[in-house]
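The values are calculated or read from the model by the stated rules, or taken from the named source; none is laboratory data. From a predicted model like this one, the values you see are computed outputs, not experimental measurements. Every residue, glycine as well, gets a Cβ built from its backbone with ideal geometry; the counts of neighbours run over all protein chains shown. Calculation scope for accessible area: heavy atoms of the full protein, side chains included, ligands and nucleic acids excluded. Shrake-Rupley method; radii C 1.70, N 1.55, O 1.52, S 1.80 Å.
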Amino acid sequence: MEAFFISLSAVAIAEIGDKTQLLTLVLAARFGKPWPLIAGIFVATVLNHTIAAELGVLIAGALTPHVLQWVLAVSFFAGGVWMLIPDKAGDVPSGVASRFGPFLTTTIAFFLAEIGDKTQVATIGLAARFHDVALVAAGTTLGMMLANVPVVFVGEAAAKFLPMQLVHGAAAAIFIALGCVTALEALGFV
């Protein structure tokens with residue numbers, strides 16, 4: 001269960017202020033229909049994060065345990081630094097036709113926005129670390145839902161009250177802590 005709770009926590013915090021959360025805000029303002037948006041976010045995240053978790057486990061299987069620990073330590077440190085760089089509204093992919101309706105538009109746009117995103121890269125690293133596709137994908141998906149569903153309902157008003165630097169700092173601290181633990185494991189101290 002450690003894989004599930006760490007994945008959930010890391011992604012829920014990392015998602016705050018992320019481009020997919022900005023996309024959620026744009027879609028909520030455009031369609032004003034919360035349930036199809038929530039369903040689209042869920043489907044896109046399950047698909048994207050399951051693929052990412054599978055990739056993480058595949059990478060873990062291709063490397064020796066010692067090399068994997070160092071790759072993961074470096075990737076968690078890099079992820080921590082990356083969390084300190086906030087996304088902008090211009091990072092949200094455009095051009096997905098709304099003729100598909102709110103559910104399909106959200107599913108497609110959210111899936112595409114997640115490709116190469118911080119939370120997808122985190123999912124790959126977490127799955128490589130814990131070797132558990134199901135628990136990591138479930139944790140990161142729930143983390144995405146916890147961060148994005150309130151945006152569907154509350155929208156821009158909530159974003160004005162969140163101290164974004166503090167949120168990004170907390171996410172960075174989680175990833176740097178994971179990097180430290182992994183590096184200590186690689187050195188044989190844990």
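What number of residues within the range 101-120 are in a helix (DSSP H, G or I) and without any contact (Cβ under 8 Å) to a residue 60 or more places away in the chain? Don't jump to the end; show me each part of the working.
Kept after step one, since they are in a helix (DSSP H, G or I), are these residues of the range 101-120: 101-114, 118-120.
Cutting the leftovers down to without any contact (Cβ under 8 Å) to a residue 60 or more places away in the chain gives us 112.
Within the range 101-120, residues that are in a helix (DSSP H, G or I) and without any contact (Cβ under 8 Å) to a residue 60 or more places away in the chain number 1.
Mind listing whichever residues of the range 48-89 are within 19 Å of residue 172 (Cα to Cα), in a loop (DSSP other than H, G, I, E, B) and not charged (D, E, K, R)?
Matches in the range 48-89: 84, 85, 86.
For the subset of the range 46-79 comprising residues that are farther than 24 Å from residue 177 by Cβ and either at pLDDT 95 or above or acidic (Asp, Glu) (or both), which member is least open to solvent (accessible area, probe 1.4 Å)?
Out of the qualifying residues, it is 48.
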